[in-house]
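The values are calculated or read from the model by the stated rules, or taken from the named source; none is laboratory data. These numbers were taken from a predicted model, which means no experiment stands behind them. Note: ideal-geometry Cβ built from the backbone for every residue, glycine included; neighbour counts use all protein chains shown. SASA here: full protein model, heavy atoms, side chains in, ligands and nucleic acids out. Shrake-Rupley method; radii C 1.70, N 1.55, O 1.52, S 1.80 Å.
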Amino acid sequence: MQNDTYRHKGLRRQLALQLKDKGITNLEVLKAIETVPRHLFLDNAFIERAYEDIAFPIGEGQTISRPHTVAFQTELLQLKKGDKVLEIGTGSGYQTAVLLEMGVKVYTIERQKALFDKTKLFLPSIGYEAKFFYGDGYKGLPAFAPFDKILITAGAPEIPKALLEQLNVGGVMVIPIGDAVQTMTLLRKTAVNKFEKEEFGAFKFVPLLEDKEWGKG
Ligand code: SAH
């Protein structure tokens, strides 16, 4: 791949080891972190620090999550090859690429037009094919439902009802819930309208914003 050197690969291996020390155990997730060239997702100003476990600005007031957060959410999803996954908050596309490395199909929604346009072009240019949608993640994608897994990569004040409906029975949703700080939450759909909930500690995301750019002229 263009601009991906042995040095970058070495830094990624170290990052994967660091995430293992921080408790990530799923080997396929660690392998995905070792594979996706995170430095290509960042502005030049941050490229030298791409393999540190920190978040960076990606424009439009948004951030690319810390690798640990990406790995943690990916691990919680318990992905199986061929799963149909809905991701809310495409952002830089880094999490999307990690999901694709897990062998799943990804439908991803972004509400910031500039980020949507940029990432829709960029990801395929480095070999990652997802289905990109510009719209409001709160609504999900009813036309493409149901999904085996749903991942929300922004802090949600509450669980969007439409998304629960679009989850397959047996499926899993991973969503950080809260305002300033969020609780990482896993919901498993055990039957129509029946969910089991598990919580996994505090994380900090940019907010999941409700539709305000379209529909209001
Ligand atoms: N997964 C991203 C992280 C993005 S930060 C990455 O790896 O880079 C969260 C993203 O969610 C931002 O890009 C933000 O614009 C987007 N977002 C916020 N509210 C949204 C909504 N209602 N629908 C879709 N995307 C939303």
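Brief remarks on what is shown
- log₁₀ of I(q)/I(0) at q = 0.08, 0.18, 0.19 Å⁻¹ - region 6-203, Debye sum with one point per alpha carbon: -0.24, -1.32, -1.48
- Over all other residues within a Cβ to Cβ distance under 13 Å of THR183, the charged ones net out to -2, with Lys and Arg as +1 and Asp and Glu as -1.
- Rolling a 1.4 angstrom probe over the protein heavy atoms with all chains in place gives the chain an accessible area of 49 Å² per residue.
- Centre separation in Å (Cα based) which lies between region 87-153 and region 47-75: 16 Å
- The chain: calculated mean residue ellipticity at 222 nm from DSSP helix runs of at least 4, using -39500 (n - 2.57): -8500 deg cm²/dmol
- Gaussian network model of the chain, springs between alpha carbon atoms under 10 Å - residue of THR119, THR69, THR25 with greatest fluctuation: THR25
- Carbon + sulfur, % of accessible area of the chain - ligands and nucleic acids excluded, 1.4 Å: 53 percent
- Charged-residue dipole, Cβ positions (Lys, Arg, Asp, Glu), the chain about Cα centre, Debye nearest 20: 360 debye
- Of all the options ARG111, ARG49, ARG188, the one that moves most in a Gaussian network model of the chain with Cα springs shorter than 10 angstrom is ARG49.
- Normalising the average separation of contacting C-alpha pairs (under 8 angstrom, six or more residues apart) by the number of residues puts the relative contact order of region 6-203 at 14 percent.
- Taking the chain as a Gaussian network of alpha-carbon nodes connected by springs under 10 Å, the highest mean-square fluctuation of the residues GLU110, GLU75, GLU196 belongs to GLU196.
- Accessible area (Å², 1.4 Å probe, nearest 10) - MET173: 0 Å²
- For the pair ASP4 and ASP53 in one chain, pulling the backbone fully straight at 0.36 nm per residue adds 15.8 nm over the alpha carbon distance.
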